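The next block holds one structure in the form of structure tokens; read it before the comments.
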Amino acid sequence: MLVRDNLNTHLTAGTRRYIADRDRLTVYQLPPYAPDLNPVEGIWSVLRRTTTANRAFKAPADLITAIRHGLRQLKYRHDVLDGCLTGTRILLCGWGCGIRVNGRARSGRRGPVTRA
């Protein structure tokens, strides 16, 4: 399953070919502006409040190192990651059955993920 937003790299011809070549890949397209539907926004929020909070970085490499460290720590915090997903009100209903939004199953191979 791939849930993608409208980042320009997600919309390239190469990405479209990658998706077209994989019949078993289910793709859900987020609406143009929907940070509340994107679990990554919750992860960035956690990193801003923890790993990068109240810090000044001397170089971009220092920021990258701190973010990587924070992501490695989050990898083991299933409760926090589940909270980021739950915050979107998008629920995975099990392997292979797709995605649920506000408790309703989304059908179809491709299409926008919207709230019911």
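Using the per-residue mean of other Cβ atoms lying within 10 Å as a proxy for protection, in what order, highest first, do the peptides 12-24, 62-74 fall?
62-74, 12-24
Could you please report the charge total around VAL40, scoring K, R as +1 and D, E as -1 over all other residues with beta-carbon less than 13 angstrom from its beta-carbon?
Taking every other residue near VAL40 into account, the sum is -1.
Once you have the Cα-Cα distance between GLU41 and MET1, take 0.36 nm times their residue separation minus that, and quote the gain in nm to one decimal.
So the extension gain works out to 12.6 nm.
Compute the distance in nm between two label points, each set 7 Å from the Cα along the Cα-to-Cβ direction, one at ARG72 and one at THR50.
1.4 nm
Using a ≥ b ≥ c from the Cα gyration tensor of region 9-96 (square roots of the eigenvalues), is it rounded, prolate or oblate, where a/c under 1.5 gives rounded and otherwise the larger of a/b and b/c decides, a/b for prolate?
Taking the square roots of the gyration eigenvalues as a ≥ b ≥ c, region 9-96 is prolate.
When the distances between all Cα atoms of region 37-83 are binned every 5 Å from zero, what whole-number percent does each bin get?
Percent of Cα pairs in each bin: 5, 22, 30, 23, 12, 7, 1.
None of the figures in this text is laboratory data; all of them are computed from the coordinates on show. Since the structure is predicted, the reported quantities are computational estimates derived from the model, not experimental observations. Glycine gets a Cβ as well: all are built from the backbone with ideal geometry, and neighbour counts include every protein chain shown.
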